[in-house]
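First the structure, in the form of structure tokens, and then the observations on it.
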Amino acid sequence: MKQMIATRLMRWKKQWVSLLFWLLFPLIATICVTMAAGTLQDDAKVPVGVVLEEQTEATEELVQEIKSAPFIRMTLLSEDEALYDLEKHELDSVFVIHEGFAQNVQQDNRNRLITSYRSDLSFAYSPVKEMIISYVQQETGRSKTAFIVQELDQRYNGQENWAFEEIVTKSKAIQQNENLLETDLSFHDTSATTTDNPRLFPVWGLWGVFSLLATLLLFDWVVKEKRSKALLRLAFSRWSKTSYLLYNFVLYTVVLFLADLITVSIVYVMFEEWVSLVHLVIYRLFISAAAFLFAHLFRSTFIYYTVSFALVLIVTIVSGAALPTEASSRLAWFDSVNPLAPLLSGDYINLWSIAVVLAAVLWLIRKEHYHA
Amino acid sequence: MLEVQALSKAYGKKQILKNLSFSVKPGEVIGLVGENGAGKSTLLQILATLSNPTAGTVMLNGESYQVNLKKTRRQIGFVPQDIALWDEFTVKENMIFFEKLSWKHKNGDELRKLCYDMKLSKWNESVKKLSGGMKRKLNIAVTLIHEPNLLLLDEPTAGVDLKSRKEIGAYLSNLAKSRGKMILYTSHDMDEIMQLCDRIYCIGEDPFYYDVLQKYGERPVQL
Ligand SMILES: Nc1ncnc2c1ncn2[C@@H]1O[C@H](COP(=O)(O)OP(=O)(O)OP(=O)(O)O)[C@@H](O)[C@H]1O
Ligand SMILES: [Mg+2]
């Protein structure tokens, strides 16, 4: 094995630039596309200005609520600035949250909580208004409940002395729990990682497609070396051609997996998106084995590259793994042959994996026969 | 000692080698001649265990090829008709690469000496930039790393200039005489064959070769 590693290192030394490039390509391409898509998404959002006349827990909550709307880019500014920007159409609409907002909400006093401005080109005005109204309703409702609970408590001389804050906190906790339940249910169907702010392109879908391409292109060594007369000398060496190819398959797979691990850590740090290591290992094994076996079918690297690009393109389009989430034109039948399935959904007992295992077995049998 | 008995080879219906029998003793250099397509390369590949005969047996030092393939191969060095080297590697890197895969361990100095003995001095030049003759020399040097007893060379001197041809010839002849190696090689150069070989085997029935060889005053053995 030591000798085998040494010979592979000698080969890698001659092509370290392209080796390094293709090892890092999936990571770099994923980061670039994700960040570019993020900027694009931001640009496409509707700019809304919010003016805060008081800083309380309630106003902070409202601000968070508006911020979390996927189609809105919210900025906090002073009233003068906001109106100036609105006039220049740099803002779509402006909402001024008046002083005493928190108190008025608590006391179910819904007059003059907020003043809103819009221009004749406003677009987000109505949805944001709806959102604020629904928030105010929810909060005033909560306050009302709290008062009623306190009243009931006093009327019936209850032992427990409920504090207003306590009731509000409790009601929020209940709401949170119910929300979580809802999210859980929707997870079950989509089986993709969804975050509060959905990305235009799913990170692991992107990476899967890029790593598939990089793996195919890195395994061009099989095409090149099998074609080379130099491998004829293996007949007069300690290694058979089969073991030479297998050892190098293992070495490539290990190096690719190390690159995968680096990718996982960096993607986690940058985008807080995680992928199961078990899925990753299985995905890596299958695509490496598939690329290794697939490369055996070619004698020309040019044709091999062309077919590889075409295949990856087809997988990208048909699986919909790396396409904008909304534009998912995903074909269900493709799931069973999708090479990305082990990575994205953890499904690794399907037509695809069975085909790879079968091809591997055939390859081993055929080679053994040749050497007998 | 290499013993070939009643060896035949056919590709489908096409009979290439018919019932060949001959032997090679240690220290002998044998020249194989014959027209293009006569089956010289085919014979060398069978002797190198890379191809199976349709009929007949081959024995090396009393042991049949079929008995222990690995052990047989350790004693064989095969220089293919094509250059079997890594183009992007230097002379040094090619020697080291194949040494690592070889049964025999050789250090850098020994590898270098192997090249120098064959008058191949461009140690750090990449194979891409070597002349045709230099490539042929390296093609042979790499084959010699594991010190084979039976050396099979398929047109080792094709496209090599006169001086390099002499150098390769002298080296091979010395290898046979001083180390008792068995050498079989093919060539289309009759002068070279005459000078170098202890015996000449002619494959095929083309009378042309007999005429030519007769003019040299040599008695070719027809296989
Ligand atoms: N794999 C094969 N399948 C079918 N026929 C083959 C195969 N390999 C060689 N032949 C045929 O066997 C014959 C002998 O070929 P071979 O290469 O041994 O000739 P040669 O004597 O080395 O010729 P040359 O002097 O041109 O090198 C040729 O007619 C060739 O077409
Ligand atoms: Mg030939």
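Each value in this text was obtained by applying a stated rule to the coordinates, not by laboratory testing. It should be emphasised that the depicted structure is a prediction, and the values quoted were computed from it without experimental measurement. FYI the Cβ positions are ideal-geometry reconstructions off the backbone, even for glycines, and counts take in every protein chain you see.
Given C-alpha coordinates of the protein assembly as shown, what is the ratio Rg to Rh with the Kirkwood estimate of Rh?
1.26
Can you tell me, using C-alpha contacts under 8 Å and at least 6 residues apart, the relative contact order of segment A:46-146 as a whole percent?
Answer for segment A:46-146 is 32 percent.
Which residue fluctuates most in the GNM of chain B (Cα springs below 10 Å): B:LYS106, B:LYS181, B:LYS135?
Of the options given, B:LYS106 has the highest mean-square fluctuation.
Under a point-charge model restricted to the Cβ atoms of Lys and Arg (+1) and Asp and Glu (-1), what is the dipole moment magnitude of segment A:46-146 relative to its Cα centre, in debye to the nearest 20?
440 debye
Expressed as a whole percent, how much of the Cα-Cα distance distribution for chain B exceeds 22 Å?
51 percent
Restricting to the protein assembly as shown, what percent of DSSP beta bridges are antiparallel, rounded to 5?
The antiparallel proportion sits near 40 percent.
Could you go through segment B:171-181 in sequence order and give the Karplus-derived ³J(HN,Hα) for each residue, using 6.51 cos²θ - 1.76 cosθ + 1.60 with θ = phi - 60°, rounded to whole Hz, and x for Gly and Pro?
Whole-Hz 3J(HN,Hα) from phi for segment B:171-181: 5, 5, 4, 5, 4, 5, 6, 8, 10, x, 7.
For segment A:27-131, which chymotrypsin sites (Phe, Trp or Tyr not before Pro) are both in a DSSP coil and crowded by at most 16 other Cβ atoms within 10 Å?
Passing sites in segment A:27-131 are A:PHE71, A:PHE123.
Explain nothing, just compute: Karplus ³J(HN,Hα) = 6.51 cos²θ - 1.76 cosθ + 1.60, θ = phi - 60°, for every residue of segment B:114-128 in order, whole Hz, x for Gly and Pro.
4, 6, 5, 4, 8, 6, 10, 9, 7, 4, 9, 8, 6, 4, 3
List the lysines whose Cα lies under 16 Å from the Cα of A:LYS170, skipping any in the same chain that are fewer than 8 positions away.
Of all the lysines, those that pass the test against A:LYS170 - Cα under 16 Å, at least 8 places apart if same chain - are A:LYS144.
Mean shadow of segment A:46-146, computed from the convex hull of its alpha carbons, in nm²?
5.8 nm²
For segment A:267-305, which chymotrypsin sites (Phe, Trp or Tyr not before Pro) are in a loop by DSSP, counting at most 14 other Cβ atoms within 10 Å?
Here the sparse-neighbourhood loop sites are A:TRP274.
Along the charge dipole of the protein assembly as shown, Cβ charges K/R +1 and D/E -1, which of A:VAL315, B:GLY62, A:SER211 sits furthest on the positive end?
Of the options given, the answer is B:GLY62.
Trypsin sites (Lys or Arg not before Pro) within segment A:45-91: which are DSSP loop residues with at most 13 other Cβ atoms inside 10 Å?
Passing sites in segment A:45-91 are A:LYS88.
Counting only helical runs of four or more DSSP H residues, what would the 222 nm mean residue ellipticity of chain B come to if each run contributes -39,500 (n - 2.57) and the total is spread over all its residues?
Rounded to the nearest 500, the figure is -10500 deg cm²/dmol.
So if I place +1 on the C-beta of Lys and Arg and -1 on the C-beta of Asp and Glu, and nothing else carries charge, what would the dipole magnitude of the protein assembly as shown be about its Cα centre? I want it in debye, nearest 20.
So the magnitude is around 5860 debye.
Please report the antiparallel percentage of the DSSP beta bridges confined to segment A:46-146, to the nearest 5.
So the antiparallel bridges amount to about 35 percent of the total.
Given B:LYS71/B:LYS135; A:LYS229/B:LYS128; A:LYS67/A:LYS88; A:LYS13/B:LYS100; A:LYS229/B:LYS113, which pairs have Cα atoms separated by over 18 Å?
B:LYS71/B:LYS135; A:LYS67/A:LYS88; A:LYS229/B:LYS113
Counting only C-alpha contacts under 8 Å and six or more residues apart, can you give the relative contact order of chain B as a whole percent?
28 percent
For segment B:138-200 and segment A:233-290, write down the distance between their C-alpha centroids in whole Å.
44 Å
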